[in-house]
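Peer 1: Submitted below is the structure of interest, expressed as structure tokens.
The values are calculated or read from the model by the stated rules, or taken from the named source; none is laboratory data. Just so you know, these numbers come straight off a predicted model, no measurement behind them. Every residue, glycine as well, gets a Cβ built from its backbone with ideal geometry; the counts of neighbours run over all protein chains shown. To get the accessible areas, we keep the full protein, side chains included, count just its heavy atoms, and leave off ligands, DNA and RNA. Shrake-Rupley method; radii C 1.70, N 1.55, O 1.52, S 1.80 Å.
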Amino acid sequence: MTGNNLYEPVRGVIRGIIEETPEIKTFSLETDEPVEFYPGQFILLAAPGTGEAPFTPSPRPGGEPGVEVTVKRTGDITGALHRKKKGDTLGVRGPCGKGFPLEKLRNREFIIIARGRHLASVRPLILDILSSRDSYPSVTLLYGCRSPGDLLYRTDLEKWGEKFRVLKTAETPGESWNGEAGPLPGLFSRLSPEPENCSAVVAGSPEIIRSGAGALKEMGVDESRVWVPVEKRISCGFGKCRCCLAGTYYVCRDGPVFPYSRVKDLPGLWV
Amino acid sequence: MIIKKTEKEFKELLSRWSLENLVFLPDTRGRISLFEEFGEFDLASLPLWRGVKEFLLPARGFAAGGSSLLEKPVIIVGARSCDLRALAGVLDRVFLENEPADAVYGSLRDNLTIVTADCASPADTCFCIQTGGSPYVKQGSGINLSILKNGEFLIEFSGERAVELLGDSERSGPGPGDILQRDNIRDTASRKVRGNFGVSDCETSAGKKVLENDAAELWGAVSGDCIRCGGCCFCCPTCYCALLNESTSGKKFTRALQWDSCQFKGYASSPGRGNPGKELWKSFRHRYLCKFYLMREEFGIPGCTGCGRCVQVCPGRIDMRDTLKEIYDRE
């Protein structure tokens with residue numbers, strides 16, 4: 001929580017920037033106050049004078065105070081964030097939302113499907129898997145990107161591959177690419193879950209979420225055990241401004257992670 | 001407890017309250033003004049601007065320093081039953097009861113005393129009964145005013161703050177027949193409101209009707225005169241859609257929730273997820289869906305209190321009741 005006023009941010013100083021791809025950067029921020037979050041919750045990151053937008057925080061390596069945030073350049077705010085340099089100050093609010101129900105994901109077979117920048121929204125969950133490996137008996141990550149140059153967290157992916165099953169695919173693979181070729185849904189046939197004992201997370205565009213959840217349903221995985229991070233315009237972050245309303249849910253307060261069964265038919269959400 | 005005051009005594013009471021409080025009430029221009037500054041008041045008018053909502057959620061938000069409204073206790077006199085319903089049923093729930101509470105709203109709310117007044121002569125645009133309300137407050141008001149035909153005031157009050165404000169005033173109880181006269185005025189007002197709109201169960205049935213009817217042709221026809229000005233949302237006592245914007249206070253950036261409207265073209269749009277309000281008919285229908293279905297699901301009461309303010313301010317002369325009638329006529 002950011003002090004007494006819900007809307008005032010705490011200061012976050014940029015201590016490191018990783019250029020993941022030409023359009024995606026990961027910022028390492030040292031914050032004035034600790035930001036204690038749960039995997040799947042989000043924070044609001046502000047470029048002072050431009051505005052703020054929601055992002056998924058990850059812990060900084062080595063347990064340093066603050067957060068790591070991966071930002072894809074898509075509009076004014078993310079553009080302003082991308083122009084920031086080491087030592088610059090950003091505003092940080094949150095954490096907001098409920099996050100993943102870890103108790104429902106642990107001790108079961110677990111499948112993660114993610115495409116492109118959306119891997120950032122499941123990264124904290126993957127870090128939880130790594131830190132409590134015994135709680136996740138079987139993990140598979142299917143990750144798809146446009147081209148090898150768009151691959152996110154490339155060093156992390158290698159390390160994750162040593163701990164659990166990671167299949168990655170690029171739509172336009174180059175010569176040095178060591179993964180699969182083709183769109184992400186092409187990997188779905190490589191899954192053979194035990195439906196009764198399986199949970200999943202699908203993170204991506206509405207098309208990826210629909211096709212991923214649809215493929216899992218065909219394999220017998222109940223839609224109530226498929227969790228999807230929902231993206232909407234977020235403003236206040238605490239259910240006070242109605243900006244992120246999805247049906248009768250506030251994405252910021254009740255989400256941003258929902259069981260697919262609960263949100264799949266909400267009108268206007270998957271435009 | 002019920003006491004009676006003449007208009008002169010009532011004005012004296014307002015003057016006394018003004019010594020230690022900021023006393024606001026509807027003026028003869030149809031606004032809510034500070035009694036000390038404007039002096040004249042008209043409790044029969046329904047203020048469209050600077051409604052009760054604006055004392056808690058001002059259009060441009062509050063800067064970090066807070067509000068001048070916190071310098072003294074604030075008393076709003078002449079709020080309507082519809083105002084109180086919106087405040088207790090929607091705004092307080094969102095900003096106080098839903099965790100985490102909004103501390104700025106909370107401090108302003110704590111500082112605010114509402115004195116309600118019966119609607120003796122509801123406007124032609126009022127349809128509060130059809131949305132589950134009534135032209136007078138049935139419960140929840142600490143102090144309520146009823147104006148009798150000779151201009152005298154019946155003041156019904158209960159609670160600590162009410163006793164503090166009225167406790168030491170001269171006690172003169174209602175005369176014989178006063179309560180009966182008040183009830184007759186209330187009955188006449190209720191009859192008038194019932195006659196303003198034929199759909200009597202709007203509160204419970206309108207949400208389903210809006211949900212079921214999503215044809216572009218229907219909504220396109222009823223929204224033709226909408227110019228997306230957002231006036232309907234701004235004067236609505238329950239609308240609280242806002243955007244958290246930055247403003248500067250000296251050399252410092254501060255945050256403030258500033259009013260937004262679901263009728264605006266860019267409402268809830270984002271680079272990653274497009275613009276849900278691109279088509280006018282969809283934005284227009286969203287307002288009805290929000291008022292009669294979504295808010296009713298969330299708060300147990302519709303987000304429309306039937307105050308009719310949106311009907312009065314609309315430059316396109318769109319009447320919510322006409323739209324609803326159009327939907328009800330489709331079977």
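Peer 1: Among the residues that make up segment B:265-272, is at least one of them of a type in the set (Gly, Ala, Ser), more than 10 Å from every other protein chain (Cβ to nearest Cβ) and surrounded by fewer than 22 Cβ atoms within 10 Å (Cβ to Cβ)?
Peer 2: no
Peer 1: Okay, next question. Considering only residues that are polar (S, T, N, Q) and either away from chain B (no Cβ under 14 Å) or within 16 Å of the chain's Cα centre (by Cα) (or both), which ones fall in segment A:222-244?
Peer 2: A:Ser224
Peer 1: Could I ask something else about it? Filter segment B:35-55 for residues that are open to solvent by 40 Å² or more (accessible area, probe 1.4 Å) and of a type outside the set (Asp, Glu); which is farthest from B:Leu84 (Cα to Cα)?
Peer 2: Among those that are open to solvent by 40 Å² or more (accessible area, probe 1.4 Å) and of a type outside the set (Asp, Glu), it is B:Phe38.
Peer 1: If B:Asp183 satisfies every condition in (1) more than 14 Å from chain A (Cβ to nearest Cβ); (2) touching a residue at least 40 places away in the same chain (Cβ under 8 Å) but one, which is the exception?
Peer 2: It is condition (2) that B:Asp183 fails.
Peer 1: Just wondering, is there one or more residues in segment B:101-114 that are under 13 Å from B:Arg186 (Cα atoms) and open to solvent by less than 50 Å² (accessible area, probe 1.4 Å)?
Peer 2: So far as segment B:101-114 goes, no, none of its residues is under 13 Å from B:Arg186 (Cα atoms) and open to solvent by less than 50 Å² (accessible area, probe 1.4 Å).
Peer 1: Can you tell me which residue in segment A:1-35 is modelled with the lowest pLDDT, limited to those that are farther than 30 Å from A:Thr155 by Cβ and hydroxyl-bearing (Ser, Thr, Tyr)?
Peer 2: A:Thr2
Peer 1: What are the residues in segment A:52-92 that are small (Gly, Ala, Ser), over 23 Å from A:Gly116 (Cβ atoms) and crowded, with 16+ Cβ neighbours inside 10 Å, if any?
Peer 2: Hits for segment A:52-92 are A:Gly66, A:Gly91.
Peer 1: Given (1) part of a helix (DSSP H, G or I); (2) surrounded by fewer than 17 Cβ atoms within 10 Å (Cβ to Cβ), identify the lone condition not met by B:Ala189.
Peer 2: The number of the failed condition is (2).
Peer 1: Having 2 or more residues that are closer than 30 Å to B:Leu294 by Cβ is the bar; report the helices (runs of 4 or more DSSP H) wholly within segment B:2-109 that clear it.
Peer 2: Ranges flagged: B:53-56, B:81-86.
Peer 1: Additional query: Take segment A:18-32 and flag every residue that is surrounded by 15 or more Cβ atoms within 10 Å (Cβ to Cβ) and either closer than 19 Å to A:His82 by Cβ or not hydroxyl-bearing (Ser, Thr, Tyr) (or both).
Peer 2: Correct list: A:Glu20, A:Thr21, A:Glu23, A:Ile24, A:Lys25, A:Thr26, A:Phe27, A:Ser28, A:Leu29, A:Glu30, A:Asp32.
Peer 1: On to the next question. If you take just the strands (runs of 3 or more DSSP E) that sit entirely in segment A:1-112, which of them hold at least 3 residues that are within 14 Å of chain B (Cβ to nearest Cβ) and of a type in the set (A, V, I, L, M, F, W, C)?
Peer 2: A:42-47, A:89-96
Peer 1: Next question. Within segment B:164-172, can one find any residue that is among the polar types (S, T, N, Q) and under 30 Å from B:Ser146 (Cα atoms)?
Peer 2: yes
Peer 1: Only one of B:Arg317, B:Arg296, B:Arg287 is open to solvent by less than 20 Å² (accessible area, probe 1.4 Å), touching a residue at least 40 places away in the same chain (Cβ under 8 Å) and not acidic (Asp, Glu); which?
Peer 2: Residue meeting the stated conditions: B:Arg287.
Peer 1: Related question: Which residue is farthest from B:His286 (Cα to Cα), if the candidates are limited to segment B:200-223 and must be at pLDDT below 95 and assigned to a loop (DSSP other than H, G, I, E, B)?
Peer 2: The qualifying residue farthest from B:His286 (Cα to Cα) is B:Ser200.
Peer 1: Looking at segment B:1-31 only, could you name the residues that are of a type in the set (A, V, I, L, M, F, W, C), more than 30 Å from B:Pro176 (Cα to Cα) and open to solvent by 10 Å² or more (accessible area, probe 1.4 Å)?
Peer 2: Across segment B:1-31, the qualifying residues are B:Leu19, B:Leu22, B:Phe24.
Peer 1: Take A:Gly144 and tell me if it is part of a strand (DSSP E or B), within 14 Å of chain B (Cβ to nearest Cβ) and touching a Pro at 6+ places or on another chain (Cβ under 8 Å).
Peer 2: No, not satisfied.
Peer 1: Examine segment B:124-138 for a residue that is surrounded by 15 or more Cβ atoms within 10 Å (Cβ to Cβ), under 18 Å from B:Cys82 (Cβ atoms), in contact with a strand residue (DSSP E or B) (Cβ under 9 Å, 6 or more places away or on another chain) and among the hydroxyl-bearing types (Ser, Thr, Tyr), and state whether such a residue exists.
Peer 2: Yes, segment B:124-138 contains a residue that is surrounded by 15 or more Cβ atoms within 10 Å (Cβ to Cβ), under 18 Å from B:Cys82 (Cβ atoms), in contact with a strand residue (DSSP E or B) (Cβ under 9 Å, 6 or more places away or on another chain) and among the hydroxyl-bearing types (Ser, Thr, Tyr).
Peer 1: While we're on this one: In this structure, is B:Val163 in contact with a strand residue (DSSP E or B) (Cβ under 6 Å, 6 or more places away or on another chain) and away from chain A (no Cβ under 14 Å)?
Peer 2: Here the answer is no, as B:Val163 does not meet what is asked.
Peer 1: Here's a check for you: in segment B:206-223, which residue that is of a type outside the set (A, V, I, L, M) and touching a residue at least 40 places away in the same chain (Cβ under 8 Å) is nearest to B:Lys291 (Cα to Cα)?
Peer 2: Restricting to residues being of a type outside the set (A, V, I, L, M) and touching a residue at least 40 places away in the same chain (Cβ under 8 Å), the top hit is B:Gly207.
Yes or no, residue by residue, for (1) within 10 Å of chain A (Cβ to nearest Cβ); (2) modelled with pLDDT of 95 or more; (3) closer than 25 Å to A:Gly239 by Cα; (4) crowded, with 21+ Cβ neighbours inside 10 Å:
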residue	(1), (2), (3), (4)
B:Gly274	yes, no, yes, no
B:Phe292	no, yes, yes, yes
B:Thr305	no, yes, yes, yes
B:Tyr328	no, no, no, no
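Peer 1: So which residues in segment A:166-189 are more than 19 Å from the chain's Cα centre (by Cα) and either under 20 Å from A:Lys264 (Cβ atoms) or open to solvent by 50 Å² or more (accessible area, probe 1.4 Å) (or both), if there are any at all?
Peer 2: Of everything in segment A:166-189, those that are more than 19 Å from the chain's Cα centre (by Cα) and either under 20 Å from A:Lys264 (Cβ atoms) or open to solvent by 50 Å² or more (accessible area, probe 1.4 Å) (or both) turn out to be A:Glu171, A:Thr172, A:Pro173, A:Glu175, A:Ser176, A:Asn178, A:Glu180, A:Ala181, A:Pro183, A:Gly186, A:Phe188, A:Ser189.
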